[in-house]
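Read through the structure below, which is laid out as structure tokens, and then see the notes.
Please treat every number below as a calculation from the coordinates, not as lab data. Nothing here was measured: the structure is a model prediction, and the numbers come from that model. Don't worry about glycine lacking a Cβ; one is built from the backbone with ideal geometry, like all the others, and counts go over all protein chains shown.
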Amino acid sequence: MSNLNSNNAPKASVVKPHFIFGSLALFMLSIMIIIADSNLLDSYFDNKIIAITHMAVLGWAVMIVFGALYQLVPVVFETSLYSERLAKFTFWLSGFSVLFLTYTFWIGAYTSLLIYASLLMFISLLLFIINIFLSYKNSKLKNISSRFVITAVFWLAITELIGTLIAFNFKYNFLSEIHLHYLKIHATIGLIGWFLLLIIGVSSILIPMFLVSHELNNKKLIYAYYFINSGLVALSINWFFIHQNSINILFWLSIVIGVLFFTSFVYDSYKKRMRKKLDIGMKPTMLAIISIILPIVLSLAITIGFGIEQTLIYRITTLYGFSIIFGFITTLILGQTYKTLPFVIWLDKYSNLVGKTKTPMPRELYSEKIANIHYYIYLFFILSMILGILFSEIWLIKIGSYLLLVVAILYNINVFKMIFHKVKIIEKNE
């Protein structure tokens, strides 16, 4: 992380609360999965599954992503964050909204509390979007990586708008299609438009940086940008206005081609790397990129759907969401936490001591042993849950849920070890 531009970095007080909330949300998420267990074999629109999904996406993934992105704005946009005060206020509003919204889904209060919870969530995300857009406006750097990020933020706005409309529709019933139709659009735009594009934008900078890779073909990123966005726009228009399911395969193909261009870029970066040994931050990152294959295959099965019984389609749809949220996004976050948070803490604690005394390295702020342990346990969690959902085996889901709890505890230990790190001056003769 030493290569990152730290001149415009926000204060640690902006970033740290997001990692604290996110790590605790992962712990709460594991408890929710343990409690729900058999519900995970029900249809993907079950109350418990929707609540778990929103805790996973908004409480865990989005919170960590927000914190990391605030830190990475100087890298991606080469400018400072527009407003640190707004970022802090957004955090508190988002945190409350996540808990309120998750509780609302868990108890199934669709016609009473959901409107208020979704409206608060909409406002908090809108404030984040405004902060990032204004930061981008002040940026002089307009390359493909920054374009991915700002486009992802645009799709986040669309995602949240659709989600809020769905929430209001439960009470006022003004939409023309059933809720599940719009839920499908909401989830697809959120996972592909927001998360995937954001991850590609940030990864296109960080992965080559961490692997020390040079002379990469950025045209692959440009192709990825246009193929993914073209497919997603066309798919959304078809779902909203045309309703011709037979042509969805063409739009799916466009998105997949875009994803393959991105994975090809990452593969080139891996091949040309100067840093041959992968550390605990990059092992999960590379695994996450490889794991994109599973949701591609599952999404094809869902898109075609012919000859597959409805109960199996439900399980495949649940597995599709699981493979993106836990196979791809969470795996990536578990790795990149150890590339981002140690640098944030180190910058806060030691930046003023550089050149005056010897200081620890960022990787010395956490336990690498603990990180490695929860990485391998997480692999067993993924395997257990995939098999449990696919073959409808509750005992495998129970095993997986407890494995995730162990991962969450170990991850929290490392996160709080970094958060509460006290300055350690190393004697020069050590």
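Mind giving me the FRET efficiency for Asn245 and Thr311? R0 is 30 Å, r the Cβ-Cβ distance, nearest 0.05 is fine.
Rounded to the nearest 0.05, the efficiency is 0.90.
Please state, rounded to one decimal and in Å, the Kirkwood hydrodynamic radius that the stretch 315-390 gives when every pair of distinct Cα atoms enters the mean of 1/r.
Details: mean 1/r = 0.0681 Å⁻¹.
Result for the stretch 315-390, one decimal place: 14.7 Å.
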(request) For the chain, build the charge dipole from Cβ charges (+1 Lys, Arg; -1 Asp, Glu) around the Cα centre, then report which of Ile107, Phe265, Leu404 sits farthest towards its positive end. (result) Phe265
(message) Taking the number of other C-beta atoms within 10 Å as the exposure measure, put Leu332, Leu298, Leu119 in order starting with the fewest.
(response) Leu119, Leu298, Leu332
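Assigning unit charges at the beta carbon (Lys, Arg +1; Asp, Glu -1) and nothing else, what dipole magnitude in debye, to the nearest 20, does the chain show about its Cα centre? The partial results should precede the final answer.
Values: 32 positive and 17 negative charges, 306 e Å.
Dipole of the chain, to the nearest 20 debye: 1480 debye.
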(request) Take every Cα-Cα distance within the stretch 359-420, group them into 10 Å bins from 0 onward, and report for each bin the whole-number percent of pairs it holds. (result) 23, 39, 23, 12, 3, 0
(request) Compute the signed sum of charges (Lys and Arg +1, Asp and Glu -1) over the other residues within less than 12 Å, Cβ to Cβ, of Ile49. (result) -1
(message) Is there a quick way to get the dipole size of the stretch 192-284? I mean about its Cα centre, with the Cβ of Lys and Arg at +1 and of Asp and Glu at -1; what is the value in debye to the nearest 20?
(response) 460 debye
(request) Divide by every residue of the chain the summed helix terms, -39500 (n - 2.57) for each DSSP H run of at least 4, and state the resulting mean residue ellipticity at 222 nm, rounded to the nearest 500 deg cm²/dmol. (result) -23500 deg cm²/dmol
(message) Please compute the modelled spin-label separation between Glu84 and Met274, points set 7 Å along Cα→Cβ, answer in nm with one decimal.
(response) 3.2 nm
(request) Grab the other residues whose beta carbon is less than 14 angstrom from that of Glu78, score K and R as +1, D and E as -1, and report the net. (result) +4
(message) Could you tell me which residue out of Tyr182, Ile290, Tyr314 lies farthest along the dipole of the stretch 12-419 toward its positive end? Charges go on the beta carbon: Lys and Arg +1, Asp and Glu -1, centred on the Cα centre.
(response) Ile290
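Kindly put Met418, Met385, Met361 in sequence by how many other C-beta atoms sit within 10 Å of each C-beta, fewest to most.
On the way: Met418 21, Met385 24, Met361 11.
Ordered by Cβ neighbours within 10 Å, fewest first: Met361, Met418, Met385.
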(request) Once you have the Cα-Cα distance between Ile290 and Leu141, take 0.36 nm times their residue separation minus that, and quote the gain in nm to one decimal. (result) 50.6 nm
(message) Hydropathy at least 1.6 by Kyte-Doolittle, axial extent at least 24 angstrom from the Cα trace: which helices of the chain, defined as entire DSSP H runs, fit?
(response) 12-36, 114-137, 394-419
(message) How high is the relative contact order of the stretch 12-419? Use alpha-carbon pairs under 8 Å, at least six apart in sequence, and give a whole percent.
(response) 18 percent
(request) Can you check what the net charge comes to around Ser139, using other residues whose Cβ is under 14 Å from the Cβ of Ser139 (Lys, Arg +1; Asp, Glu -1)? (result) +3
(message) With the cut-off at 24 Å, tell me which of the pairs Lys140/Lys356; Lys184/Lys220; Lys142/Lys219; Lys339/Lys422; Lys16/Lys369 have Cα atoms farther apart than that.
(response) Lys140/Lys356; Lys184/Lys220
(message) Can you list residues from other chains, or at least 5 along the same chain, whose modelled amide H is less than 5 Å from the amide H of Lys272?
(response) none
(request) Could you bin all the Cα-Cα distances of the stretch 1-100 into 10 Å bins starting at 0 and give me the percent of pairs in each, rounded to whole numbers? (result) 16, 39, 26, 14, 6, 0
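Rank these for me by crowding, Leu365, Leu294, Leu404, going from fewest to most other beta carbons within 10 Å. Numbers along the way, then the final one.
On the way: Leu365 22, Leu294 18, Leu404 27.
Neighbour counts put them in this order, fewest first: Leu294, Leu365, Leu404.
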(request) Take every Cα-Cα distance within the stretch 12-419, group them into 10 Å bins from 0 onward, and report for each bin the whole-number percent of pairs it holds. (result) 5, 22, 34, 28, 9, 2, 0
